[in-house]
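Enquirer: Take this structure first; my questions come after.
The values are calculated or read from the model by the stated rules, or taken from the named source; none is laboratory data. As the structure is a computational prediction, the values presented were derived from the model and not from experiment. Note that each Cβ is placed from the backbone with ideal geometry, even for glycine, and that neighbours are counted across all protein chains shown.
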Amino acid sequence: MVMKTNLTPINDDVKSMKTFFILGRNPELSRMEVLEYLKARGRTHKEVLFEENLLVVEVNEGEKFDIQEFGGVMWLGPVSFEGSHEDFDKYMNRGEIIPADKFSYAVFGNKDVQILKDKFKKERKRAMIKHGRKQIEFQGGEKQELPKADFYIFYHEYDNVTYFGNVTQEYDNTGVKNRDMKKPVRRESLAISPRLSKILINLSGAKPRDLLLDPFCGIGGILQEALLKKINVYGIDKDKQAAEGAKKNIEWLKSEYKIVSSCRIENNDSRKAPDLQFAAIATETPLGKVLRKKPKDSEAKQIIINFEAYIIPILRRLKTIKKSSAKIAITFPTIRTFHADAEKIANKTGLKIYMKPILESRSDQFISRDILVLK
């Protein structure tokens, strides 16, 4: 997939820089996460390229990123070279690109890596290229190796322009995984992952000090990630046990991390959510009961019909209790080729589709999800 979109113009009077992002298993979704994150914070930016799982964005010079803010970015770094292939040859001869004598490295992009091998050999560096044994499978079925190396390099050609840079940040899943596994209340089959929680929060446009609503908060997965982002949160769930579990998890989070934002959790029906004019809404809707076997087409269709009837009155309420500019990042269930009718739901609730549904699925699950943004 190739796309080039100008978003917020870069001021010609201000120096700019380019940052590359190596995106995760759902590149289209991760791309939108990055762009909405920047837009919500008013950070001037322009998309330079989006191809496969590679994204390059131009921002004002001095802008900084923290990869842990994102759920769908695996690596990122500054573009240190942009130009013709001939000029890149000259760039390669200016000095070393990796400050080590013995190392392993991996390369992301579509360029032939022979020029790198030749450079390291000329410099008498003991450099070993890594290809990786593990693979990541993208939404479209394509697979890419996940190498483990000392250094990672971005080397890609797009529209006859060569881009090059060293990775400076790698997503650290250790803390995220520990946080997810050590919280006192867990729901293996129903809870939303921290990764997807971060993506939904960023898609909603929520930023520090905003008030975010999760009308189906469950045991608090989205609430926790939002609090860590210094966002004030309000969670609602009609399941009393889930709401109590969320409270316990938030108390644990406060004891483990320096939480400065406020949190309130209510055991109630989302159709009775308070009118607090929320700045953002991010939520994982109930995707239906856990299926033990593959549903028939008639059963799948009925699940979707039931969901549509269920969600419409709730979205009507959410529309009235949020700021007019606030976005709703939400999931709809999908079963094979059966999807909730987003257009119909938007029309019946008076909302507009801000981001069209993007499928988030795994081959081992009967029920997947469409992720979309309403406004």
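Enquirer: Could you grab me the full set of residues in the range 336-375 that are out of contact with any strand residue (DSSP E or B) (no Cβ under 9 Å at 6 or more places or on another chain) and aromatic (Phe, Trp, Tyr)?
Expert: Passing the criteria: only Phe338.
Enquirer: Looking at Asn306, Asn249, can you tell me which residue is touching a helix residue (DSSP H, G or I) at 6+ places or on another chain (Cβ under 9 Å) and either assigned to a helix (DSSP H, G or I) or of a type in the set (Ser, Thr, Tyr) (or both)?
Expert: Unique residue meeting the criteria: Asn249.
Enquirer: Collect the residues in the range 33-50 that are touching a Phe, Trp or Tyr at 6+ places or on another chain (Cβ under 8 Å) and not in a strand (DSSP E or B), keeping them in residue-number order.
Expert: Passing the criteria: Glu33, Val34, Tyr37.
Enquirer: Now, a different point. Answer yes if at least one residue in the range 313-321 is over 26 Å from Asp239 (Cβ atoms) and either out of contact with any Gly (no Cβ under 6 Å at 6 or more places or on another chain) or not aliphatic (A, V, I, L, M) (or both), and no otherwise.
Expert: No, the range 313-321 has no match at all.
Enquirer: Within the range 101-130, track down each residue that is surrounded by 13 or more Cβ atoms within 10 Å (Cβ to Cβ) and at positive phi.
Expert: Scanning the range 101-130 gives a single hit, Gly109.
Enquirer: What's the number of the only condition in (1) among the β-branched types (Val, Ile, Thr); (2) surrounded by fewer than 19 Cβ atoms within 10 Å (Cβ to Cβ); (3) part of a strand (DSSP E or B) that Ile236 fails to meet?
Expert: Evaluating Ile236 over (1) among the β-branched types (Val, Ile, Thr); (2) surrounded by fewer than 19 Cβ atoms within 10 Å (Cβ to Cβ); (3) part of a strand (DSSP E or B) leaves (2) as the failure.
Enquirer: Scan the range 322-344 and tell me whether some residue there is surrounded by fewer than 18 Cβ atoms within 10 Å (Cβ to Cβ), within 22 Å of the chain's Cα centre (by Cα) and assigned to a strand (DSSP E or B).
Expert: yes
Enquirer: Can you pull out the residues in the range 214-223 that are touching a Ser or Thr at 6+ places or on another chain (Cβ under 8 Å), buried (at least 24 other Cβ atoms within 10 Å of the Cβ) and of a type outside the set (Val, Ile, Thr)?
Expert: Asp214, Pro215, Cys217, Gly221
Enquirer: With the structure loaded, tell me whether Ile231 is without any contact (Cβ under 8 Å) to a residue 60 or more places away in the chain, closer than 22 Å to Gly72 by Cα, buried (at least 23 other Cβ atoms within 10 Å of the Cβ) and not assigned by TED's automatic domain parsing to the domain that holds Ala40 or whether it fails that test.
Expert: yes
Enquirer: Checking Arg43 against (1) surrounded by 18 or more Cβ atoms within 10 Å (Cβ to Cβ); (2) touching a strand residue (DSSP E or B) at 6+ places or on another chain (Cβ under 8 Å); (3) farther than 17 Å from Arg195 by Cα: exactly one of these is not met. Which one?
Expert: For Arg43, the failing item is (1).
Enquirer: If a residue has to be modelled with pLDDT of 90 or more and closer than 29 Å to Gln224 by Cβ to count, how many in the range 153-185 make the cut?
Expert: Of the residues in that region, 9 qualify.
Enquirer: Hey, Ser363 hits all of (1) in a loop (DSSP other than H, G, I, E, B); (2) exposed (fewer than 14 other Cβ atoms within 10 Å of the Cβ); (3) at pLDDT 95 or above but one; which does it fall short on?
Expert: (3)
Enquirer: Another question, if that's okay. Please specify each residue of the range 101-116 satisfying the condition of being assigned to a helix (DSSP H, G or I) and closer than 16 Å to Tyr152 by Cβ.
Expert: Leu116
Enquirer: Still on this structure, I have one more. Please name all residue pairs, on different chains or six or more residues apart, with Cβ atoms under 8 Å, provided the first residue is in the range 336-363 and is more than 25 Å from Asn202 (Cβ to Cβ) and the second residue is hydrophobic (A, V, I, L, M, F, W, C) and not in a loop (DSSP other than H, G, I, E, B).
Expert: Arg336/Ala300; Phe338/Ala300; Phe338/Ile303; Phe338/Ile304; Lys348/Ile312
Enquirer: Let me ask another. Run down Val176, Val167 and say which single residue is buried (at least 17 other Cβ atoms within 10 Å of the Cβ), out of contact with any helix residue (DSSP H, G or I) (no Cβ under 8 Å at 6 or more places or on another chain) and touching a residue at least 12 places away in the same chain (Cβ under 8 Å).
Expert: Val167
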